[in-house]
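Engineer: The structure is given below, and queries will be raised subsequently.
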Amino acid sequence: MLTLTFSTGVVDAVGYLGLDRVFTANMTGNVVILGMALTGAEDLPVIGPCLALVAFVLGAALVGRVLRRTAEGWTRAFTLVIALVGAGLAVLSGVTTALGDAIPVREGATPPTAVLVVTAALGLLMGAQAAAARRLAVKDVTTVVVTSTLTGLAADSRFAGGGGEGWRRRLGAVVLILAGAAAGAALLHWHVGAGLAAAASITLVSALLGHLRARVRPAATERAREGTLA
């Protein structure tokens, strides 16, 4: 899940810097951008953030409905969702590469229809990932935002009178989404497709490793139980 958080940082950097200042994973950013744009702030996008918001909600709703019928934890259905997100990112990497000079979108220019389609597709995929992460329920690791993670890190710290529990995981999520955004921005100097290709690879590997670990843990538990009974 922390690795997927890094991947999300890459995707959001690609969206903001390459797709006309749109966040495709961090919907708080889009709401703020829309609020400023709708009250008269100049040169802020409206269509892209709206598409990303709608697609994100749709993706989250679809995956929420699918995973609601499955067992808790990392299941085959969960693996399938994350793998489909990775495959979708790989397809979009090829699409953005084929768009050539249309990406990155120049500031103030109207994004081409194909770029808006990519924006909506990324929002759909990130919504799906966020809903899956919510179902898995790793505390403070939503993979798409770190505001609540930072709040928990500070509020539960020893400075605040807490025990500092979970600080490594929380700090790791913050550092990794920061590192992902930096990596996405660096890859943008090559091409938008490079960032999405990297995110796709990371997501697919995460799906594979998570699936393998989920298969190993029940087997180990069953062997331990048999040993206890014996």
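Engineer: Obtain the nm distance between the two label points defined at SER148 and THR70 by a simple spin-label model: each point lies 7 Å from its Cα along the Cα-to-C-beta direction.
Structural biologist: With each label placed 7 Å out from Cα toward Cβ, I get 2.0 nm.
Engineer: Here's another thing I want to ask about it. At a 1.4 Å probe radius, carbon and sulfur cover how many percent of the accessible area of the range 111-198? Write down the numbers at each step before the final one.
Structural biologist: Numbers: 2940 of 4230 Å².
Of the solvent-accessible surface of the range 111-198, carbon and sulfur hold 70 percent.
Engineer: Another one. Applying 1/(1 + (r/R0)^6) with R0 = 22 Å to the Cβ-Cβ distance of VAL32 and LEU62, what FRET efficiency is obtained, to the nearest 0.05?
Structural biologist: 0.30
Engineer: For TRP190, TRP167, TRP74, give me the order by solvent-accessible area with a 1.4 Å probe, most accessible first, ignoring ligands, DNA and RNA.
Structural biologist: Putting TRP190, TRP167, TRP74 in descending order of accessible area: TRP190, TRP167, TRP74.
Engineer: Modelled label-to-label distance, ARG215 and TRP167, 7 Å Cα→beta-carbon offset: nm?
Structural biologist: Label-label distance for ARG215 and TRP167, simple model: 3.9 nm.
Engineer: Could you state, as a whole-number percent, how many of the C-alpha pairs of the range 40-87 are farther apart than 12 Å?
Structural biologist: Within the range 40-87, distances greater than 12 Å cover 71 percent of Cα pairs.
Engineer: Give the accessible surface of the range 99-200 per residue, rounded to a whole number of Å², with probe radius 1.4 Å and ligands, DNA and RNA excluded.
Structural biologist: Dividing the accessible area of the range 99-200 by its residue count gives 50 Å².
Engineer: Sort ILE82, ILE202, ILE47 by heavy-atom solvent-accessible area, probe 1.4 angstrom, most to least.
Structural biologist: Largest accessible area first, the list is ILE47, ILE202, ILE82.
Engineer: Need one value: the accessible area of GLU42 in square angstrom, 1.4 angstrom probe, rounded to the nearest 10.
Structural biologist: Taking all protein chains as shown, GLU42 has close to 150 Å².
Engineer: In addition: Choose one answer from ALA52, ALA132, ALA71: the residue with the largest mean-square fluctuation in a GNM of the chain with alpha-carbon springs under 10 Å.
Structural biologist: ALA71
Engineer: Here is a follow-up. Across 10 Å bins from 0, what is the distribution of all Cα-Cα pair distances for the chain, in whole percents?
Structural biologist: Each 10 Å bin holds this share of Cα pairs: 8, 31, 33, 19, 7, 2, 1, 0.
Engineer: Helix by helix, which DSSP H runs in the chain go 15 Å or more along their axis at the Cα atoms and have an average Kyte-Doolittle hydropathy of 1.6 or more?
Structural biologist: Helices passing the filter in the chain: 27-38, 47-67, 76-99.
Engineer: Fully extended, how many nm does the chain gain between LEU208 and ALA41 (0.36 nm per residue separation, minus their Cα-Cα distance)?
Structural biologist: Value of the extension gain: 55.7 nm.
Engineer: Across 10 Å bins from the origin, how do the percents of Cα pairs in the range 1-113 run, short distances first?
Structural biologist: All Cα pairs, binned at 10 Å, distribute as 12, 39, 32, 14, 3 percent.
Engineer: Which value at 222 nm does the chain reach when only helices count, each DSSP H run of 4 or more adding -39,500 (n - 2.57), with the total divided by all residues and rounded to the nearest 500 deg cm²/dmol? Provide the component values of the computation, followed by the final result.
Structural biologist: Values: 8 runs with 167 residues, N = 230.
It lands at -25000 deg cm²/dmol.
The values are calculated or read from the model by the stated rules, or taken from the named source; none is laboratory data. Being a predicted model, the structure only gives us computed values, none of them experimental. Note that each Cβ is placed from the backbone with ideal geometry, even for glycine, and that neighbours are counted across all protein chains shown. Just the protein is used for accessible areas: all its heavy atoms, side chains included, with ligands, DNA and RNA removed. Shrake-Rupley method; radii C 1.70, N 1.55, O 1.52, S 1.80 Å.
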